[in-house]
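Bear in mind these aren't lab numbers, they're just calculated from the coordinates by the rules spelled out. Quick caveat: nothing in here was measured; it's all calculated off a predicted structure. Here the Cβ positions follow ideal geometry from the backbone for every residue, glycine too, while neighbour counts run over all protein chains shown.
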Amino acid sequence: MNGTAHLAIGAATGFIVANTFQAPPSTTLLLVGLGGVSGLIPDLDIDGSLRGKITISHEAIRTVAQLIGALMIAYSFYEGGVKEKWLGVGIGLGLMVVSSLIKQKHMLTITGVGVLAGGLSLQELWLLLLGIYILIASFVSHRSYTHSLLGVIFFGIIASKLEASLRIDGVFYSCLAGYISHLIADLKILPFNKRGIKLFLPVSKKEI
């Protein structure tokens, strides 16, 4: 399944969560956005040697990195002291510039380092964990660990920490549902997928 479809399905799960929590319009937009971005996150595990076989384009990966940079800038204006704000803005701008210049696999690695640094400077555990996630994703093959139960658990922890930081009900469920929707859409049992996912890594490498 392509990236646009994953984005749309993830956004739809965010909308469902928002309606379940009877969220106001502004919160609904946030949850829809988080669901959409979370629906793309598993495909950060792209190996350059598989570029021609992946389900999401290089441009989409670059867009995700630049969105993260933009979100870091916006978040820095609302959290932390003066020093932390400018440091977060600087890192966010750096991510946006660097991600537009470097190659795909290097971009993911540097993005992970930048997000990790941002998490440390802002003292935000969810951001630090997201940086670790991106770093791991930049080294693993496509449809492997980020498409497994381990990936779901790790991202679920990130989502729970993000909800605790924002104090907005539904953030955890929107992020987790968006992420899981991606895995379901990539299952081999669906007729339009030639490949499946290794859901039970490292216990089993069988695609389902």
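Counted by Cβ distance under 10 Å from TRP126, the other residues give a net charge of -1, where Lys and Arg count +1 and Asp and Glu count -1. Taking every full run of DSSP H in the chain, the ones that stretch at least 24 Å from end to end by Cα along their long axis and average 1.6 or higher on the Kyte-Doolittle scale are 149-166. From helices alone, the chain scores -22000 deg cm²/dmol at 222 nm; the rule is -39500 (n - 2.57) for each run of n ≥ 4 DSSP H residues, then divide by the residue total.
When peptides 34-40, 66-72 are sorted by average Cβ neighbour count within 10 Å, with the highest value leading, the order is 34-40, 66-72.
In a simple Cβ point-charge model (Lys, Arg +1; Asp, Glu -1; nothing else charged), the chain has a dipole of about 640 debye relative to its Cα centre.
Mean separation of Cα pairs under 8 Å and 6 or more residues apart, divided by the residue count, gives the chain a relative contact order of 25 percent.
The order of VAL32, VAL98, going from fewest to most other C-beta atoms within 10 Å of their C-beta, is VAL98, VAL32. The number of Lys pairs in the chain with C-alpha atoms less than 25 Å apart, excluding pairs fewer than 8 positions apart on the same chain, is 18.
A value for Cα extents along the principal axes in Å was derived from the coordinates, and within the list [x] 63, 41, 35; [y] 51, 42, 29; [z] 48, 46, 26 it appears as [y].
Ranked by the mean number of other Cβ atoms within 10 Å of their residues, highest first, the peptides 176-189, 18-31, 154-167 fall in the order 176-189, 154-167, 18-31.
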